[in-house]
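Just so you know, all these numbers are worked out from the coordinates, no wet-lab data involved. Just so we're clear, the structure is a prediction, and the values are computed from it rather than from any experiment. As a convention, Cβ positions derive from the backbone with ideal geometry for all residues, glycine included, and neighbour counts pool all protein chains shown.
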Amino acid sequence: MKAMRIWFVSSLGLALSMIFDWNYGFLAVLIPAFVLNLEKGFGLPFIVMLVFSIIFGSAEATIILELFQAHPLLLTGAVAIFMLIKCIAMMHQITYLFGFMGIFIGSMVFNYASYDYFDITDFNINMWIIALISVLNYLLAHWLFSDPKGTEPAPEEDPFAAKTEAEKIAQVAMGWVVAMSLFFVFQTMDLIDSLPVLVSVVIMLSPLSLQGGIGVGKVRVIGTALGCIMGLVLHVMLGKWINNPLLFWLGFTILMGVISLLFNKGMIPSAIGFSATSAFSVPLTTAFIPGQQDATFSILYRFSSIFVGVVVLVMVMTVAHQSINKFIIGPKQKRAARKLGDKKPA
């Protein structure tokens with residue numbers, strides 16, 4: 001039923017964004033789809049944490065900007081502390097969503113609020129409204145497409161509990177280095193049209209490791225290719241009728257149903273499915289203007305930019321991984337071995 005729930009919230013999210021003309025309507029598709037794909041079981045705490053993470057993260061990032069935007073050095077220090085706290089929060093299962101959503105939302109606020117024509121107040125209000133409505137969509141999806149009794153997954157153990165202190169420090173360092181590198185790049189270069197790259201990089205950051213990042217990068221490229229193909233298919237399938245709101249929504253719903261089939265195939269296909277959902281929905285809710293502009297160029301640009309962004313990020317993560325192993329993991333392992341040797345009886 002997971003595939004049905006994601007198909008339902010994606011279709012409903014697009015319909016609501018079209019009816020209310022939300023400036024960031026793609027969030028109405030992606031937020032509930034992300035949560036439904038990530039969740040290990042239905043529960044109120046999970047929903048509360050999601051909304052709290054979005055509202056608190058955006059408010060915190062906005063306050064930091066308001067206080068320090070006129071002072072670049074102070075802003076950089078405040079952002080560094082913000083990112084570090086969120087990376088540490090990702091080290092525990094109970095606070096992982098808080099940390100990840102903080103980095104995800106905070107990165108968008110920090111990087112796009114630096115442009116004069118970006119209205120941060122409009123962004124926050126739209127995002128908060130969409131987040132609250134997405135919760136209702138989430139609940140409605142669970143009510144309409146509930147799992148049969150006895151099929152709820154058992155609670156999983158904290159995957160970080162078995163990691164050593166050195167491994168946790170290394171993962172926090174990896175996440176912090178990548179997040180801050182992303183901050184510096186977007187602050188120094190004109191990348192206002194590169195929201196897909198920003199989102200992809202932050203999602204690749206979620207495993208907090210080189211191997212995990214490479215795996216997520218492969219998934220992002222494959223999923224993005226699939227979603228872009230679906231977007232082009234929608235344009236070809238509808239032709240001039242794509243400007244008809246009802247036919248546009250029906251076409252999106254049909255093709256989204258095809259993508260949703262991946263969510264029942266396992267962890268990796270589900271990740272590919274979410275990447276495809278993102279690549280399919282974002283251009284159609286941002287670049288597409290009925291009667292004025294189609295999303296063909298945006299779709300092609302999205303794939304090329306994400307592919308380049310993934311390659312560059314893997315290079316950055318490789319350098320960070322080597323540096324962390326040299327300066328953090330290596331010395332700690334040597335000290336641990338030395339202590340173990342001191343404890344051995346003569």
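See the values below:
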read-out	value
The chain: most fluctuating residue of Met174, Met18, Met90 per GNM, C-alpha cutoff 10 Å	Met18
Centre separation in Å (Cα based) which lies between segment 278-302 and segment 167-246	16
Per-q log10 I(q)/I(0), the chain, q = 0.07, 0.08, 0.15 Å⁻¹ (Debye; single scatterer per alpha-carbon; no solvent)	-0.31, -0.40, -1.37
Förster-model FRET efficiency, 22 Å R0, Val311 and Thr164, C-beta, rounded to 0.05	0.10
Rounded tilt (10° steps) of 2-20 against the dominant C-alpha axis of the chain	60
